[in-house]
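> Before anything else, here's the structure in question.
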Amino acid sequence: MEGTVDGFSYGFVTPVVAYLMACLGGALGLRCTTRSLLVAHSWRPGWLALGSAAIGSGIWTMHFIAMMGFTVEGTPIRYDRATTFASLAVAIVMVGMGIFIVGYRGAKGAALFTGGTVTGLGIASMHYLGMAGMRLGGTLRYNTLTVAASVVIAVVAAIAALWAAGQVRGFLWSLGASLVMGLAVSGMHYTGMAALSVHLHGPSTAPPGDSSAEILAPLMIGPLAFLLLSGIIVMFDPLMMMGKADLKAAAAHPRSSPYSVPRSGDRQIARVPRRVPPRPGRRSRRRPGARAPQKW
């Protein structure tokens, strides 16, 4: 017997809040990624790790806020605690792999494609592993083409978000990138949910596991607190808020940064001769008809 699936049992409250959480995690993570492209080699792993954890926590929180509005008529839904924790770890690790590739190779070419692909696959893996942690009186079935479409959405949007973050052009670029990242996570989530159908086994008692209120609300306290802490770090870093490059650090370590800073030895710099004003009382030696010196 096919169960009636409802992903919007609370109306548009859960989709909107979930999208905002995805944007928040994306904004903090991508700003950390942008900052990592502008600093010396020794500081880069810390910024990239912070960005990876922020994005991973954001997409995980988005997923389970959206799942609070998910119901199946005829059966209660429970969650396996270990699998739910594993989905958070997978999100952070796989997103971190993509972020580190872009952070060390630059947001362009093969590095951008590889990093964005790994990040998008991390988003998709988190989603379907989280779905595998559900326990209900039925069997989950997926439409293969719709699942493939959800993965493509996650990968393409992740590449676009990392490209925008790598432009290093200030806060507005990072804001746009975070909106794209939120769209990637939300679009992938609801496309994946559209591929889902539930075959009920029949009337049954509550399956083993924890309810959404028992497991999701306490578990989200940690990621939300971490996002708050990341936001405080971003707010107290003027370079991240204003989008100004740390040119001194990048110039001191030109090989460690994907963005090189021109130095005086890299190209010939035209020097403008300085005009010395004549001494008082001294007659000019300019010949009649000669062109007057240009004032600078």
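Every number in this text was worked out from the coordinates using simple rules, so none of it is lab data. No experiment lies behind these values; they were computed from the predicted model shown. Virtual Cβ from ideal backbone geometry, glycine too; neighbours counted across all protein chains shown.
> Given 0.36 nm per residue, what is the gain on full extension from ILE221 to PHE113 after removing their alpha carbon distance, in nm?
Using 0.36 nm per residue and subtracting the Cα-Cα distance, I get 35.5 nm.
> Taking N as the number of residues in the stretch 37-111, what is its Cα Rg relative to 2.2 N^0.38 Å?
Normalised Rg, Cα atoms only: 1.48.
> Using mean Cβ contacts within 10 Å as the protection proxy, how do 28-37, 188-197 order, highest first?
By packing density, highest mean first, the sequence is 28-37, 188-197.
> Taking a virtual spin label 7 Å from the Cα of LEU140 along the C-beta vector, which residues in the stretch 183-200 bring their backbone nitrogen under 18 Å of it?
185-200
> If we sort 46-57, 99-110, 79-90 on the protection proxy, mean other Cβ atoms within 10 Å, highest first, what's the order?
Order by mean packing, descending: 46-57, 99-110, 79-90.
> Quick check: residue separation of ILE233 and GLU2 times 0.36 nm, minus the Cα distance between them. What number comes out in nm?
Length difference between fully extended and current span is 78.3 nm.
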